[in-house]
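Each value in this text was obtained by applying a stated rule to the coordinates, not by laboratory testing. Being a predicted model, the structure only gives us computed values, none of them experimental. Virtual Cβ from ideal backbone geometry, glycine too; neighbours counted across all protein chains shown.
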Amino acid sequence: MELAALNGWLGYCSKAAVPNMKTKILIVEDDRLTRESLSKYLLLKGFEVLTAIRGEEAIALTLRDHPDVILMDLGLPGMSGIEAAQVIKQQYPQISRIPIIAITGRPRELWEEAALNAGISLYLNKPALPSDIIKAIAQLVPVSATTNSVEVPEPHSNLSRNPPNLSGLHG
């Protein structure tokens, strides 16, 4: 994403309090452009950022660096984001409480329930507005006494915590 497009992302917004500048975020995304754009945006907002390309790498970085939140694509090469989330949540008690936000292009109606069942806290569809990502982080990471004031839009949020009823789907 070009810098002009990244700056354009910042135009939709109003002020809101989010976690402090030391909040450590792990971005797990195999698309280089998406990973780099999101990383630059979060760095500009004062967050500490780690990045991974594969699910296995995400698990290793989470064990080593204990991020405050993980932003996880579901369609990763090798181990999927859902599989990585299951491993983090079920096999490693020392990191199982770290919230995971899915940011994916996979259809919500087909994947959200499986993601939430794997331990993913929130599901965002791509393209996710950066302000929705900040809102999701603020929803899951405690706000400390020293907060950043960042841009967050009021209307049109695509955040979801409740899985859809998939019982009517066949196939």
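Below are the figures for this structure:
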quantity: Rg over Rh [alpha-carbon atoms, Kirkwood Rh] for the stretch 14-152; calculated: 0.94
quantity: Partner lysines for Lys126 [C-alpha distance under 19 Å; skip if fewer than 8 residues away on the same chain]; calculated: Lys40, Lys135
quantity: Within-12-Å neighbourhood charge of Ile98 [Cβ basis; K, R +1; D, E -1]; calculated: +1
quantity: Positive minus negative residues near Leu74 (Lys, Arg vs Asp, Glu; Cβ under 13 Å); calculated: -3
quantity: By average C-beta atoms within 10 angstrom, highest first, the peptides 122-129, 92-99, 30-37; calculated: 122-129, 30-37, 92-99
quantity: Gyration tensor verdict on the stretch 30-97 (Cα atoms; rounded if a/c is under 1.5, prolate if a/b is larger than b/c, oblate otherwise); calculated: oblate
quantity: Label point at Asp30 placed 7 Å out along Cα→Cβ; residues across the stretch 60-99 whose backbone nitrogen lies under 13 Å; calculated: 73-84
quantity: At R0 = 25 Å, FRET efficiency that the Cβ-Cβ distance of Glu109 and Lys40 yields, to 0.05; calculated: 0.20
